[in-house]
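The values are calculated or read from the model by the stated rules, or taken from the named source; none is laboratory data. All values derive from a computational prediction rather than experimental measurement. For neighbour counting, all protein chains shown are included, and Cβ atoms are generated from backbone atoms with ideal geometry for every residue, glycine included.
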Amino acid sequence: MPAVRGRVRPAGARLREHDAAQREGGRPVSRLIAAATAAAAAAAVAMAAIAPAAQAQAQDGARVVIADGHVDLGPRVVDGKWVVQLRDDSGAEAVWREPGDVVLHVPDSARTVVPDDPAYAFLGTAGSEVWVLPQAQSAGVVWPGWNTQDPSIAGSGGREVDWRLHGVTGPGGFELFLNGNFGKPEVVFSSAKGFPQETGVELGTHAHGNWVFGAPGSYALDVEMAASDGRADRAVLRVHVGGGDPDAAFAVTPPSGEAPTGEENAGGESAGGEQEQTPWPWIGGAAAAVLVIGFLVRRKVVGSRG
C-alpha cells in the first residue's frame, strides 16, 4: 500500500517554544482552563532552568520506575554513536537513561473516560475507561515528552529527526495525540493503524502530548529516532498502567510487528472496583497549545498490514 502522508501544524506552531509547562494537577477543568495562560508562562521559567551542564549519564543496568515528574525521549550522540535515551528530570538533577532500564508507571489516578464527542471516537466508545498521561503536566503522574534539543545532534544535518513507531505490545490500545487547532485532537501514533508509523520532529523541539492507554497492564513501545544523515537508533519504551508490580513491564516481550486486531482499541476493560475518575485531563486551552509550540508533525504510515 502506498505511504499515506500528511502535514499538521498544531496551534501556536508559528511561535518558538520555551519549554513551557503547566502544573494544574487535580483542579477542576473549568479552573484549569481559566488559569492556563498564566500557569504556562510561569512554568516556562522553571523549565528553562534545566541546562545541558546539569545532565548526567546513568549507569547502564540501573533499573528505575518513574511514576512522577518530567521525562523526555530524545536522540543524543554518545561516544560518537547516535542513541535514543530518556532524559529523567524527576530527581535533583537531570539524568539520561537507557530506555531499557526504565518503566514509566501510570497510576489508577490517571484513569478517566472517553468523552461523548465524535472528535475522540478514535479513543474508543464514549464512556469507556482509558488511562491518560496528559499533555499538560498533572501532579502525581509522570509527564513524558520528546525533545530534539541535545547539543550533540545539532550537526546531524537537515531540519528534522524522524520518529518512528514500529509496534506496540500491551493489553489495550495506545494513542499519542496533540491538542491541536481549536481543540481538535491530532493523532501522532496509534496502535489501531498499521506499522511502522513515522512523524517528523524539527531540531530544537521540546513537546508534550496525550499518551492514552486502553487497559491496565504492561506495555512495550518499539520506537526509533533517525537523523537525516542516516544514523538511527531503536529502543523499547516500557509503560505499566494501573495496579500491580510495575517491574513486570521489564519482562514484557517487545512487539514483533504483527498487525493490530480490530479488538485492540483504546477502550479497554475496567480494572475492577469503584474508583474516583479524574476529570477529562486534556482540555488545556492556551497552555496546551504552548506545550506543542515548535512541534511540526509530519505523519506518514510507512507500511500497513492486515
Search result, residues across region 66-113 that are among the hydrophobic types (A, V, I, L, M, F, W, C), more than 18 Å from the chain's Cα centre (by Cα) and not in a strand (DSSP E or B):
92, 94
Looking at the structure I just gave you, is residue 152 part of a helix (DSSP H, G or I), at pLDDT 95 or above and surrounded by fewer than 17 Cβ atoms within 10 Å (Cβ to Cβ)?
yes
Go through region 114-136 and give me each residue that's in a strand (DSSP E or B) and not charged (D, E, K, R).
130, 131, 132, 133
Top-ranked residue in region 131-146 [being small (Gly, Ala, Ser) and closer than 25 Å to residue 203 by Cβ; ranked as surrounded by the most Cβ atoms within 10 Å (Cβ to Cβ)]:
136
Would you say residue 243 is touching a residue at least 40 places away in the same chain (Cβ under 8 Å), surrounded by fewer than 19 Cβ atoms within 10 Å (Cβ to Cβ) and closer than 16 Å to residue 68 by Cα?
yes
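Listed here are the residues, each with its yes/no results for (1) under 26 Å from residue 100 (Cβ atoms); (2) at pLDDT below 50.
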{"residue": "207", "(1), (2)": "yes, no"}
{"residue": "213", "(1), (2)": "yes, no"}
{"residue": "265", "(1), (2)": "no, yes"}
{"residue": "281", "(1), (2)": "no, no"}
{"residue": "291", "(1), (2)": "no, yes"}
{"residue": "305", "(1), (2)": "yes, yes"}
Within the set of pairs 6 or more residues apart or between chains, which connect a residue that is among the hydroxyl-bearing types (Ser, Thr, Tyr) inside region 168-191 to a residue that is assigned to a helix (DSSP H, G or I) with Cβ atoms less than 8 Å apart?
190/122
In contact (Cβ under 8 Å) with a residue 24 or more places away in the chain, of a type outside the set (D, E, K, R), in a loop (DSSP other than H, G, I, E, B) and under 28 Å from residue 253 (Cβ atoms), is that true of residue 194?
yes
Quick check: anything in region 221-230 under 26 Å from residue 125 (Cα atoms), surrounded by 23 or more Cβ atoms within 10 Å (Cβ to Cβ), of a type outside the set (D, E, K, R) and modelled with pLDDT of 90 or more?
yes
Extreme residue, surrounded by the fewest Cβ atoms within 10 Å (Cβ to Cβ), among residues of region 55-65 that are at pLDDT 95 or above and either in contact with a Pro (Cβ under 6 Å, 6 or more places away or on another chain) or in a loop (DSSP other than H, G, I, E, B) (or both)
63
Here are the criteria: (1) over 21 Å from residue 255 (Cα atoms); (2) of a type in the set (Gly, Ala, Ser); (3) touching a residue at least 12 places away in the same chain (Cβ under 8 Å). Tell me which single one residue 217 does not satisfy.
(1)
If you go through region 75-95, how many residues are touching an Asp or Glu at 6+ places or on another chain (Cβ under 6 Å) and closer than 19 Å to residue 160 by Cβ?
4
Residue 115, sole failed condition from (1) crowded, with 20+ Cβ neighbours inside 10 Å; (2) more than 17 Å from residue 89 (Cα to Cα)
(1)
Are there any pairs, at least 6 apart or on different chains, whose C-beta atoms fall under 9 Å, with the first in region 81-100 and within 15 Å of residue 150 (Cα to Cα) and the second among the hydroxyl-bearing types (Ser, Thr, Tyr) and modelled with pLDDT under 95, and if so, which?
82/156
